[in-house]
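Inspection log for the structure reproduced underneath, given as structure tokens.
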Amino acid sequence: MQSIHEAASAFLSMQRVAVTGVSRHPENHGSNAVYRRLRERGYEVFAVNPNAQQVEGDRAYPDLKSIPGGIEAVVIATRPEIAIDTMRECAELGIKHVWMHRGPGAGSVSAAATEYGRQHGITVIDGGCPLMFGATADLGHKLIRFIYARSVPKQV
């Protein structure tokens with residue numbers, strides 16, 4: 001196990017990041033906020049949405065294996081029942097860093113996906129948001145991390 005700060009730092013050191021669940025209708029979608037912020041901070045970011053060809057003005061991919069050149073990390077920001085399928089694909093592709101997004105609600109966290117990922121050597125951050133840490137953080141997300149501390153794991 002490692003601290004959330006160590007895991008977040010390792011995750012955010014990856015430069016090619018896929019974000020699942022990026023919507024064609026970005027209003028109030030956490031996945032779109034994560035996607036935009038990573039892109040703004042210079043990450044090579046890829047939107048994954050099997051129901052869209054384009055989101056946020058960029059090409060969308062139906063799944064992780066469709067992303068040319070592969071990726072280093074994944075933010076899962078879909079419904080929790082879909083997370084296990086994404087985690088299986090991460091294991092198949094050799095992706096070692098996965099963050100399951102969670103704000104104040106249930107978010108995208110799945111206990112089954114967390115267990116599967118860890119059993120397959122993936123560092124799984126099961127809660128919180130990448131925008132709460134490091135160079136991607138803003139004051140609002142830092143406050144959210146403090147207020148909803150139970151949604152952010154201490155160890156992963």
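For region 116-156, the candidate set comprises residues that are among the charged types (D, E, K, R), modelled with pLDDT under 90 and part of a helix (DSSP H, G or I); within that set, the residue that is most open to solvent (accessible area, probe 1.4 Å) is ARG150. Across region 90-110, the number of residues qualifying as open to solvent by 10 Å² or more (accessible area, probe 1.4 Å), at pLDDT 95 or above and touching a Gly at 6+ places or on another chain (Cβ under 9 Å) comes to 4. From the list GLY30, GLY57, GLY42, the one residue that fits, being out of contact with any Leu (no Cβ under 8 Å at 6 or more places or on another chain) and surrounded by 13 or more Cβ atoms within 10 Å (Cβ to Cβ), is GLY30. Considering ALA73, ALA113, ALA77, the condition of being without any contact (Cβ under 8 Å) to a residue 40 or more places away in the chain, within 15 Å of the chain's Cα centre (by Cα) and surrounded by 17 or more Cβ atoms within 10 Å (Cβ to Cβ) is satisfied by ALA113 alone. Sub-6 Å Cβ pairs linking a first residue in region 29-44 that is farther than 17 Å from ILE76 by Cβ to a second residue that is surrounded by fewer than 21 Cβ atoms within 10 Å (Cβ to Cβ), at least 6 apart or interchain, are ARG41/ALA135; ARG41/THR136; GLU44/GLN15; GLU44/ARG16, ordered by first then second residue.
The values are calculated or read from the model by the stated rules, or taken from the named source; none is laboratory data. All figures in this text were calculated on a predicted structure; none of them were measured in a lab. For neighbour counting, all protein chains shown are included, and Cβ atoms are generated from backbone atoms with ideal geometry for every residue, glycine included. For the accessible areas, the whole protein counts, side chains as well, though only heavy atoms, and no ligand, DNA or RNA atoms are used. Shrake-Rupley method; radii C 1.70, N 1.55, O 1.52, S 1.80 Å.
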